[in-house]
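Accompanying notes for the structure given below.
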Amino acid sequence: MTAGATAGTPPEELQDPAVSVPATGGRKGLAWGTQVLRVAVFAVILGFWQLAGGRWIPDYMISSPSQVAVTLWHLAAGDTPGLWGDITTTAEELVVGYALGLVAGVAVGLLLGYWRAGAAVFNPLIAAINGIPKIALAPLFLIWFGIGIDSKVAIASMSVFFVMFYNCYMGVATMQQELVNVLRVMGASRWTVIRRVTLPQITVPLLAGMKASVPFAMIGVIVGEFIAAQRGVGYLIDTATQNFDSATVFAGIVVLMIMMIIGMMLIALVEKRVLRWQRD
Amino acid sequence: MAQAEGDPLAPRQERAGAAGSRRGVRFDQVNLWFGGGRRRQAVHALCDVSFTVADREFCAIVGPSGCGKSTLLNLASGLRPATAGTVHVDNKPVRGLVPDIGYVTQDSNLLPWLTVQDNIRLPLQIRGVPASEQEALVERWISTVGLDGFRHSYPRQLSGGMQKRCSIARTLVYDPPILLMDEPFGALDAMTKAQMQDVLLQLWEERPKTVLFVTHDLSEALTLADKVVVITSRPGRVRDVVTVDVPRPRDVFHASELPEFARQHRALWDMFAAELSQGGRR
């Protein structure tokens, strides 16, 4: 095995030096075993759940994977109406809330990152507001913005705002002044410096913030829907809970998981494009 | 590497100084104090520094570390104002950033998210050079500094010497008439350093610029410069200004064998050593 590997590796490297990064080989060697174990762990958990549901633990508490699957099927097929409308509503709240929080957080982060006097004045206020659990503000937001999507957008964007603000602000504050000076000496305007140095340099903290804030946006939206809504996946889960319909609750949770995974994948795609310079 | 250098950089760009412009740099009784707050005492970094670098003169600035050599370049570029005294560039007092200056910093300071060619293109974009001319200039400087195979590489994929070459190309590509260099070859191994000195000297001999070259390497100063300014340890003062007698054109690899070189090296070193021991006593 070892002899085969050492004999086989060098020609591969000669053939295509760009592709044969050692890590790839290592990952491939582990992959199938790991892959099998991952599926196995998943299957065992689902198996236990199936076994326990209705047998050791009452149905209304945990339902069972098969029931969840059937419920999900009926929901998706439209036999039980409303799922797609719920998904669209929740997705809209998520995307709009996330985008607003992102833009506002980056804008204020840049502003205070550059304007030190302003940062000194506003930082305590921002820290104080950030210290409030956002969930505690959710009922207020419902009073202010109504039970439509606006209130959920507001809650989500507020949660995202603080994550993005701090990541952006710290990114600007810890920026390398040398690169800025290099551009200034070349004759760059302030805006050119922001565009060519500041923004690329804070992409790493910004992307970290973008990833970290997806779950926050989700929590904001779902909690908002729990409190008062007419549509949405959170609303679906909430009404199902009140009816002790745990199969629908779990179906809703599965839908949220899928939405979350799609969101994370989109951000990973952006990251891959933007951080090309960091890879080998 | 050298044969491509015969043609002028760009036809419409005139050689600096050809039309009688005087791109000199003059320090007049410059004083600089650092910091100084409620608790900390201010540091006197530069004390009554006065010297002149003529148009298209290659001036080396040497001195013990921490004497404020690099600060002199920041003053000349306008990145930092002097506490007292004036710096004149091109016969105008420096207020704010000086245009038409090239600054090769101690670290390469390449933008890590740009490839080699985009890093070199950056100053051309900033200065609004027409896109049609950018390509030819970038092409030419990539090959001048010997980075042909690496134009699409990112800085982190390059060795330190290659990063340095890229950084020098990025500064020279816009042909600044005044060039500030802060220990540009300090971190390189001896071989690469000599090669880089050779490239720099060739470029300078073909297109002379006003150069302020900070170094702590006396041999490097004598190999490259017309004039060596010796700065004392803190607070930095001008200890002496020495005109280098080594004849031009110089051969970077063998200049140190010349008798003039050996004589001046010894004289400079004695001055330097005295400065070091004085700095140690205080």
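Each reported figure results from applying straightforward, stated rules to the coordinates on display, with no laboratory input. In this text the structure is predicted, and so the values were computed from the model without any measurement. Glycine gets a Cβ as well: all are built from the backbone with ideal geometry, and neighbour counts include every protein chain shown.
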Response to the item:
With the 8 Å Cα cutoff and a minimum separation of six or more residues, chain B has a relative contact order in percent of 25
Discussion item. Looking at chain B as a GNM with Cα springs under 10 Å, which of B:VAL199, B:VAL25, B:VAL62 has the largest mean-square fluctuation?
Written reply: B:VAL199
Worksheet item: For chain A, what is the mean residue ellipticity at 222 nm derived from helices alone (per DSSP H run of n ≥ 4: -39500 (n - 2.57); sum divided by total residues; nearest 500 deg cm²/dmol)?
Response: -27000 deg cm²/dmol
Response to the item:
Taking the convex hull of the alpha-carbon atoms of the protein assembly as shown and averaging its shadow over every direction gives an area in square nanometres of 38.0
Worksheet item: Around B:GLY236, which amide H atoms from residues at least 5 apart in sequence, or from another chain, sit under 5 Å from its own amide H, with H modelled in the peptide plane?
Response: B:LEU46, B:CYS47
Worksheet entry | Among B:THR232, A:ASN130, A:VAL96 the positive-end extreme of the charge dipole of the protein assembly as shown (Cβ point charges) | B:THR232
Worksheet, complete the sentence: GNM on chain A, Cα springs under 10 Å; top mean-square fluctuation among A:GLY224, A:GLY187, A:GLY109 goes to A:GLY187
Fill in: Per-residue HN-Hα couplings for the stretch B:45-55 [Karplus 6.51, -1.76, 1.60; θ = phi - 60°; Hz; x = Gly/Pro]
8, 10, 10, 6, 7, 9, 6, 10, 10, 6, 4
Fill in: Degrees separating the helix B:160-172 axis from the principal Cα axis of chain B, which is the longest one
80
Worksheet item: Hey, which of these cross-link pairs are over 26 Å Cα-Cα: B:LYS69/B:LYS193; A:LYS134/A:LYS272; B:LYS92/B:LYS164; A:LYS152/A:LYS211; B:LYS193/B:LYS227?
Response: A:LYS134/A:LYS272; B:LYS92/B:LYS164
Item to complete: Kindly write out, for the stretch B:139-152 in residue order, the coupling ³J(HN,Hα) from the Karplus curve 6.51 cos²θ - 1.76 cosθ + 1.60 (θ = phi - 60°), rounded to whole Hz, with x marking Gly and Pro.
Response: 3, 5, 6, 4, 6, 4, 8, x, 10, 3, x, 10, 4, 9
Practice prompt. At 37 °C and 0.692 mPa s, grab the translational diffusion coefficient of the stretch B:125-282 from Stokes-Einstein with a Kirkwood Rh over Cα pairs, rounded to a whole number in µm² per second.
Written response: 187
Practice prompt. Please list the non-local residues whose amide H lies under 5 Å from the amide H of B:GLY85, H modeled 1.01 Å from N, same-chain partners needing a gap of 5 or more.
Written response: B:ASN31
Worksheet item: If you take the charge dipole of the stretch A:77-278 about its Cα centre, with +1 on Lys and Arg Cβ and -1 on Asp and Glu Cβ, which of A:GLY187, A:ALA77, A:ALA208 is farthest toward its positive end?
Response: A:GLY187
Fill in: Interchain or long-range residues, amide H under 5 Å from B:ILE231's placed H
B:VAL62, B:GLY63, B:ARG239
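For A:LYS152, B:LYS164, B:LYS92, what's the fewest-to-most ordering of other Cβ within 10 Å of each Cβ? It would help to have the intermediate numbers written out before the result.
Working: A:LYS152 33, B:LYS164 24, B:LYS92 9.
Ascending Cβ contact count within 10 Å gives the list B:LYS92, B:LYS164, A:LYS152.
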Worksheet item: Which value in Å does the Kirkwood hydrodynamic radius of the stretch A:77-278 take, with 1/r averaged over all unlike C-alpha pairs and then inverted?
Response: 18.5
Worksheet item: Which distance in nm do the two modelled labels at B:ASN31 and B:THR243 give, with both placed 7 Å along the Cα-to-Cβ direction?
Response: 3.2
Discussion item. I'd like the distance between the alpha-carbon centres of the stretch B:169-211 and the stretch B:88-102, rounded to an integer number of Å.
Written reply: 20
Discussion item. Take A:ALA104 and B:ALA131, extend 7 Å from each Cα along the Cα→Cβ direction, and tell me the distance between the two endpoints in nm.
Written reply: 3.8
Response to the item:
Inverse of <1/r> over all distinct C-alpha pairs of chain B, i.e. the Kirkwood Rh in Å, gives 19.7
Fill in: Karplus (6.51, -1.76, 1.60) ³J(HN,Hα), θ = phi - 60°, over the stretch B:100-113, in Hz, Gly and Pro reported as x
6, 10, x, 10, 9, 7, 4, 7, 5, 6, 6, 7, x, 8
Worksheet item: Which angle between 0 and 90 degrees, to the nearest 10, do you get for helix B:259-281 versus the longest principal axis of chain B when only C-alpha atoms count?
Response: 50
Practice prompt. Tell me what chain B gives for mean residue ellipticity at 222 nm when only DSSP H runs of n ≥ 4 count, each as -39,500 (n - 2.57), the sum divided by the residue total, rounded to 500 deg cm²/dmol.
Written response: -10500 deg cm²/dmol
